[in-house]
1. Pop a pseudo-label 7 angstrom from the Cα along the beta-carbon direction at both Lys200 and Thr361 and give the gap in nm to one decimal.
2. As an exercise, use a Förster radius of 45 Å and the Cβ-Cβ distance of Phe192 and Asp338 to find the FRET efficiency, rounded to the nearest 0.05.
3. State the answer as a single residue: which of Val73, Ala245, Tyr398 lies farthest towards the positive end of the charge dipole of the chain, with beta carbon charges of +1 for Lys and Arg and -1 for Asp and Glu, about the Cα centre.
4. Test of the criteria: in segment 197-263, which trypsin sites (Lys or Arg not before Pro) are in a DSSP loop and have at most 15 other Cβ atoms within 10 angstrom of their Cβ?
5. At a threshold of 8 angstrom on Cα-Cα distance, excluding pairs fewer than six apart, so keeping six or more, what relative contact order does the chain reach in percent?
6. Relative to the present Cα-Cα distance, how much length would full extension add between Ala384 and Arg16 at 0.36 nm per residue of separation?
7. Going by alpha carbons, how many degrees (0 to 90, nearest 10) lie between the helix axis of 327-337 and the longest principal axis of the chain?
8. Any idea how far apart Ala238 and Arg45 come out in nm if each label point goes 7 Å out from Cα toward Cβ?
Amino acid sequence: MTAEMIEGARVILEDRVETASVRIEAGRITGIDVARDGAAVIPARGRFLAPAFIDIHGDAFERQLMPRPGVMVPMETALLETDRQLASNGIATACHALTLSWEPGLRSVQTGWQVVRALEALRPRLTTENRLQLRWETFCHEAGPLIAHVLSGPDRPALAFNDHTTSMLLHPDVAVQDRPFDQVADYPVTPFDAPRFLKKMADQARRAHVSPEDYVALLTRVWDRRQDVPAQIARMAALASAHNAPMLSHDDSQAETRAYYRSLGATVAEFPMHERVFLAAREAGDFIVLGAPNAMRGGSHLGSPGAAEMIARGLCDILASDYFYPAMLGAMVRLHADRVAALPALWKLVSLNPARAMGLTDRGRITPGQRADLLLLDWPEAQAPAPLRTWVSGRPGYSALSQLPQHEPAL
C-alpha cells in the first residue's frame, strides 16, 4: 500500500483544529507534520481533514433492501449500494441496525439470515467496514440461533435490546415517553378491539404483508409468551457477555428500565425517551446515544428530548445516523453553526466516543498509530460541506477530489 501525505489541511484533532499534514502508510497514521519520506502527496490546502465517522446504529440500508413498500431487490445489490453510500458519506465503520423481529417481512429473522449470509460472502468486496448491531426484539425467541451465529463470528457485533411489542400494545392514554418498565405486572395494555388500535395494526400488517386479522392473531400469540421474555433476555445477555460484545438498550423511558439492562451488561443507552433516563444513565457512567437526524433537524420527530439540548447539557455522548446516512455530517454542520460546542468536541460524538462504546480502540481520532480512517471535506464558509475523499484503514473508499476548486476553509 503506497504511503500518502495529506498536506496543508485544517485537521480536526481531539482538542483543537490546526493546519497540518498527515502521513499514512500500511493502513495507519504514521505521523503529523513529519517528513514525506517517499509518500505520494495529496494537496489539501483549504480543506478539512477529520476522523471518518463511526456509525453505531444505522438502518437506512433497509431502504436499499426494500426501495418501495413490498418491493424487495436482490440482497447483494442492495448491500453493495449501501456500502457505496456509506463511503460517500464519510462513514468508515458502520453497524447496521439489523432488526430481528417476530414480524414477517423486511424485519423478520428470515431476512436477517439473508443479510448476515450476504455480508459474510461480500466481505472481501466491501469498501467500508460493515458490522452489525443485532437489534433484537425481545419477544422474538426465534432469533436465538442467528444471534449465537453472529456472536461467534470474526466481526464482533453489538446486541441491542428492543421491546417494541409492549410499546405497540401500550394503552393510548399513556404517552410512549412515559410508558412504564416493560416487565411490570400491571402494564397498561390497549383493548385489542379499540378502533385506534385496529387501524394501527392495519398499518403494521401492510408492512408485514399479511392481513390485519392475521397480524392481530400473531401479535396475540406473541404477547402470550410475555412471561418467558425475562429469561430469554438473560440468556442472550449472558451469551453476548461471553463473547465480549457491547450491549445497548433502546428507547428506555424509565430509569428502572435502564437499570435493568445495565445490570445485564448493557452500558449503552440508545435513544432514551425521557430526561429521567438521561440523568440516570449519566449518573451511572453509561454511554448515551441519540440520532444525528435529531441534531441536524433541530429536534426529534417523536417528541423525545432534543439532541442539541442534551449535548449542551453533557447528556449525549454519541450521534448515530439512525435512518439517514448524511445526517452525521449534517449534524456537525448544524451543531457547529449553533455554537453548541467547539468542533473538536462535536466531532467526538461521531468518531472517538462511538469507537470507545463499541470497544474499537484502534480508530476514531487522528494520531500516530491509529487506523487511517479519514474524511477530507470541502467546507466553504457559510455553506454545506461535501465529502471529497474517504479512507478506510488507509484504503481509498470514495473520491471526488477533482470536482471542486481549492479555497480557504470556514475556520
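Every number here is computed from the coordinates shown, using simple stated rules; none is lab data. Computed from a predicted structure; not experimentally measured. So basically every Cβ, Gly included, is an ideal-geometry build from the backbone, and we count neighbours across all protein chains shown.
1. So the two model labels end up 4.5 nm from each other.
2. FRET efficiency, Phe192 to Asp338: 0.50.
3. The listed residue farthest towards the positive side: Tyr398.
4. Answer by residue number: Arg225.
5. For the chain, the relative contact order is 21 percent.
6. 130.4 nm
7. Between helix and principal axis, roughly 70 degrees.
8. A separation of 6.4 nm, rounded to one decimal place.
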